[in-house]
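The values are calculated or read from the model by the stated rules, or taken from the named source; none is laboratory data. Everything numeric in this text was worked out from a predicted model, so none of it was measured. Every residue, glycine among them, receives a Cβ derived from its backbone with ideal geometry; neighbour counts consider all protein chains shown.
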Amino acid sequence: MRDDDVMDAPRVVIGEILRAHGVRGAMRVRPTGATLEDLRPGEAVTLVPREGAARPATVVSVSPGPILTLDGVDDRDAADALRGARVEVPEARLPAPTAADEFYVRDLVGCEVLLDGAPIGTVGEVHTRPANDVLEVRRDGADPVLLPFTHDAVREVDLAARRIVVRADILGEDA
């Protein structure tokens, strides 16, 4: 894929650069899924810094950690200057979920959340936690509610209708 294609295609975040790793331009990256470790040398990605314009980059290597090396990032200072930048790939690069209960975070954000039919808000974020993911449900005029994204709590996920139905008693009897 050419750099222009990577920049123009709808993209998804696969990681965030945390810091330089060593003195030769390698960077420690926080992955947001398995895709980062599947990158291959020569593959094009997009870097989106905290400030400034997005730019194309070419993968030199990805090693466990994960440690990412990009063409043109040759020393510690250049790597450290990218701290906080998002690493993105074209949306089409992601494989389709293989199980009926697998979802991409991007597909869940913005879904309406219902307590057995009564709307309570929309998914603003999905937090990854050791035990299970957690939906942050944003409500008009109220503090967000955190709900476990588990088989026990979630009754239905309908991405076509953009809604998630959770068990009515998940917020307790007073909700």
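Miscellaneous remarks
- R86 being farther than 30 Å from R167 by Cα and at pLDDT 90 or above: yes
- Filter pass, T46 being surrounded by 14 or more Cβ atoms within 10 Å (Cβ to Cβ), assigned to a helix (DSSP H, G or I), of a type in the set (S, T, Y) and outside the structural domain of V126 (by TED's automatic domain parsing): no
- Residue satisfying all of: in the stretch 116-166; in contact with a Phe, Trp or Tyr (Cβ under 8 Å, 6 or more places away or on another chain) and either small (G, A, S) or part of a strand (DSSP E or B) (or both); surrounded by the most Cβ atoms within 10 Å (Cβ to Cβ) among these: L135
- Scope the stretch 9-26; condition touching a Lys or Arg at 6+ places or on another chain (Cβ under 7 Å) and not in a loop (DSSP other than H, G, I, E, B); matching residues: V12, V13, G15, E16, I17, L18, R19, A20
- Residues that are over 30 Å from E156 (Cβ atoms), acidic (D, E) and in contact (Cβ under 8 Å) with a residue 60 or more places away in the chain, drawn from the stretch 56-115: D80, E88
- If the condition is being more than 16 Å from V60 (Cα to Cα) and at pLDDT below 85, then the stretch 1-49 contributes D4, D5, V6, M7, D8, A9, P10, T32, G33, A34.
- Test: residue in the stretch 108-129 that is out of contact with any strand residue (DSSP E or B) (no Cβ under 8 Å at 6 or more places or on another chain) and closer than 21 Å to P10 by Cα: no
- Residue match in the stretch 122-140 (condition: in contact (Cβ under 8 Å) with a residue 40 or more places away in the chain and not aromatic (F, W, Y)): yes
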